[in-house]
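The values are calculated or read from the model by the stated rules, or taken from the named source; none is laboratory data. All values derive from a computational prediction rather than experimental measurement. Neighbour counts are summed over all protein chains in view; Cβ atoms, including those assigned to glycine, are modelled from backbone coordinates with ideal geometry. Keep in mind that these areas ignore ligands, DNA and RNA; they rest on the heavy atoms of the full protein, side chains included. Shrake-Rupley method; radii C 1.70, N 1.55, O 1.52, S 1.80 Å.
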Amino acid sequence: MSARASLLLALHSSSDCLAVGLQPLAATEPPQVLAFPLGRQLSGALLPCLEQLLPAPRWPEIGRLVVATGPGGFTSTRLTVVLARTLAQQLAVPLHGVGSFLAVARRLVRQRPELAGAERFWLVQELLRRGTVAGCYGADRGALGAIAELEQPRLFLPGAAFAQGLAPDLILPAAVEAPLDVLELLALGQAAAAQGLAGPWQPVLPIYPTSPVDFTPQPSSQVPMVPLPAVPLPGTPLPKSGSGAG
């Protein structure tokens with residue numbers, strides 16, 4: 001890690017909006033956030049958007065990274081996770097992966113204080129003809145940021161039961177608001193830095209509750225590592241912007 005690595009960078013692309021957050025470590029200044037409603041154009045615009053907030057020559061100032069790992073768009077989430085992993089590896093800095101539903105849960109607890117006292121609540125995302133992606137959350141003083149993911153988001157087929165016996169007001173839509181949720185990523189990154197957490201980049205992988213192809217999911221221990229693309233080092237020209245699938 002560089003001696004001048006003093007910035008916390010957060011990336012969130014689990015919706016059709018890319019949000020980039022930047023803040024000095026130890027939160028000595030308010031965060032800076034830029035949001036880009038890219039839709040399917042993320043693949044060609046990710047690096048130029050990041051450079052609008054933090055130009056490539058300043059990337060060695062990054063001291064810690066946080067990235068949203070989904071659930072979200074298959075390609076957009078994967079590309080941002082790959083970029084975060086690559087930066088963390090090349091800069092030798094900690095990286096923390098945070099589920100996009102967990103970021104929503106933290107924001108909702110902040111917006112709706114009654115959730116803070118709930119033992120558990122569920123966040124759900126309905127998928128047309130495929131079922132419901134749902135995850136369970138609750139207060140936990142031992143968890144980073146005091147909100148724990150009690151059950152990781154997974155796909156429940158149509159008609160499958162979950163959240164049985166729970167009041168309807170504790171089953172909420174997992175509506176991502178990337179510009180706000182990236183602030184939750186920054187807050188978790190600051191908490192991790194304050195605790196001196198290691199943050200190895202290798203375990204940070206996208207969350208795919210549904211497969212983009214029809215195959216039986218592998219056990220987590222056999223999930224292949226995301227390949228690392230060639231990302232320009234500071235001082236090298238960026239590739240020209242273009243359109244692509246996001």
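A few notes on this one:
- Residue pairs meeting the criteria (Cβ under 8 Å; at least 6 apart or on separate chains; first more than 24 Å from P71 (Cβ to Cβ) and open to solvent by 50 Å² or more (accessible area, probe 1.4 Å), in region 190-206; second part of a loop (DSSP other than H, G, I, E, B) and modelled with pLDDT of 95 or more): A198/P94
- Any hit, region 130-144, residues being part of a strand (DSSP E or B), open to solvent by 40 Å² or more (accessible area, probe 1.4 Å), farther than 19 Å from P209 by Cα and in contact with an Asp or Glu (Cβ under 9 Å, 6 or more places away or on another chain): yes
- Odd one out for T236, checked against (1) modelled with pLDDT under 50; (2) more than 26 Å from P94 (Cα to Cα); (3) of a type in the set (V, I, T): (2)
- Among the residues of region 116-143, those identified as over 13 Å from A105 (Cα atoms) and hydrophobic (A, V, I, L, M, F, W, C) are L127, L128, V133, A143.
- Counting the residues of region 49-68 that are closer than 21 Å to A105 by Cβ and in contact with a Ser or Thr (Cβ under 7 Å, 6 or more places away or on another chain) gives 2.
- Filter pass, G73 being modelled with pLDDT under 95 and surrounded by 17 or more Cβ atoms within 10 Å (Cβ to Cβ): yes
Residues checked against (1) closer than 20 Å to Q195 by Cβ; (2) touching a strand residue (DSSP E or B) at 6+ places or on another chain (Cβ under 9 Å):
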position: G70; (1), (2): no, yes
position: G73; (1), (2): no, no
position: L95; (1), (2): yes, yes
position: S100; (1), (2): no, yes
position: A103; (1), (2): yes, yes
position: Q125; (1), (2): no, yes
position: R130; (1), (2): no, yes
position: D140; (1), (2): yes, yes
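- Count - residues of region 145-160 that are open to solvent by less than 40 Å² (accessible area, probe 1.4 Å), in contact with a strand residue (DSSP E or B) (Cβ under 7 Å, 6 or more places away or on another chain) and touching a residue at least 40 places away in the same chain (Cβ under 8 Å): 2
- Among the conditions (1) open to solvent by 10 Å² or more (accessible area, probe 1.4 Å); (2) closer than 28 Å to A174 by Cα; (3) touching a residue at least 40 places away in the same chain (Cβ under 8 Å), P57 misses just one, which is (2).
- Residues that are open to solvent by 30 Å² or more (accessible area, probe 1.4 Å) number at least 2 in the following strands (runs of 3 or more DSSP E) confined to region 1-54: 32-36.
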